[in-house]
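Nothing in this text is a laboratory measurement; each read-out follows from the coordinates by a stated rule. Given the structure is predicted, the values throughout are model-derived calculations rather than measurements. Note that we place each Cβ from the backbone using ideal geometry, even for glycine, and neighbour counts take in every protein chain shown.
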Amino acid sequence: MDDPSQRNADEIIAIIRKAASANLDSRGREGLLIELPEHGNLIVAGDLHGNLANLERLVAKADLKNHPKRQLVLQELVHPLNGDMGDNSWRAVEAVARLKVRFPKQVHCLLGNHEFAETVGLEVGKRGKSLNQGFAEALEQAYGHRWEDIREAYRQFWRTSPMALHTPNRLFIAHSTPHGDRLGKLSLDYLRRVSPVEAFRKDSAAFHMLWGRDYRPEVADALVEPLEAEFFIVGHTPCEGGMSMPNHRHLILDCTHYDAHYVALPLGCALTLEDIKARTRRLYPLF
Ligand SMILES: [Mn+2]
């Protein structure tokens, strides 16, 4: 059991605030969107849900220090109630905040629906328990009487997190895409212009984007024009094998378990679905 007195709340709050500033200062950032440059390459990971071993391995694979033109995209760090492991989500948030401070131009942490829920205090239930409650309990255990200050710093980090990335070679990368009935006004322009207050409403187009799970081919086709992309790289949906290509445009990545997959893509050349599939890899080798 961690001793709360061993953890310095003020130090971590300062780091998280720096990371939040770095979120807003990201090159190519406009509103909730980051427009990536034409050079370099990108590693995209799926949901982490507090899996620190997978986070560590992804960071080692990315080797950002030796690859200054490489960018690493992480998402949905938070998902309490990870069985017997306890809730490590907060440790993942802090590790990624440190990473963002260290590599501000190379690390992007996309907002997931669980972080959205945490930010606005929206209850998310699973298996009869409140996920928010589990997260709050874990924070209280770690930080004692300072836990609410820490939660407020996390919320500041999430309010400044990008919700989507767009690339010159027509990829759209976000936690998810909306249901076909909820496309609403979602577009790159919406993501550039929507105010954080509007975006963090329960019925906003951003909300529906983060919560949607609709992989019908015709819905994917309907997203091409507003999102100016041929392919959509997302997390959000659990994949037993670590990845899934449910239609001709979506790649779903899942980094919550041992079969975790990520994708490594160039930014400067056109890509086909086959290219994307060929560059989607296991995080751990199969022996
Ligand atoms: Mn999700």
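If packing is taken as the average count of other Cβ atoms within 10 Å, what order do 211-220, 228-237 fall into, highest mean first?
228-237, 211-220
Spin-label point model (7 Å from Cα, Cβ direction): what's the Ala14 to Asp259 distance in nm?
For Ala14 paired with Asp259, the spin-label model returns 4.5 nm.
Report the paramagnetic label zone for Ala60: residues of region 243-287 whose backbone N is under 17 Å from a point 7 Å from Cα along the Cα-to-Cβ axis.
256-262, 282-287
Take the eigenvalues of the Cα gyration tensor for the chain, scale each by 5, and report the square roots as semi-axes in whole Å, largest first.
28, 21, 19
Divide by every residue of the chain the summed helix terms, -39500 (n - 2.57) for each DSSP H run of at least 4, and state the resulting mean residue ellipticity at 222 nm, rounded to the nearest 500 deg cm²/dmol.
Estimated from H runs of four or more residues: -11000 deg cm²/dmol.
Students often get this wrong, so check it: of Lys105/Lys277; Lys18/Lys185; Lys65/Lys185; Lys61/Lys202; Lys18/Lys277, which have C-alpha atoms separated by over 28 Å?
Lys18/Lys185; Lys65/Lys185; Lys61/Lys202; Lys18/Lys277, as the Cα separations exceed 28 Å there.
May I ask you to derive the FRET efficiency for Val197 and Glu225 from their Cβ-Cβ distance with R0 = 25 Å, giving the value to the nearest 0.05?
Values: r = 27 Å, r/R0 = 1.09.
Using R0 = 25 Å, I get an efficiency of 0.40.
Percent of Cα-Cα pairs more than 20 Å apart in region 204-285, please.
35
For region 210-224, take each phi angle, set θ = phi - 60°, evaluate the Karplus expression 6.51 cos²θ - 1.76 cosθ + 1.60, and give the result in whole Hz per residue in order, putting x for glycine and proline.
6, 9, x, 8, 9, 10, 5, x, 5, 6, 4, 4, 5, 8, 4
By DSSP, what percent of the beta bridges with both residues in the chain are antiparallel, rounded to the nearest 5?
45
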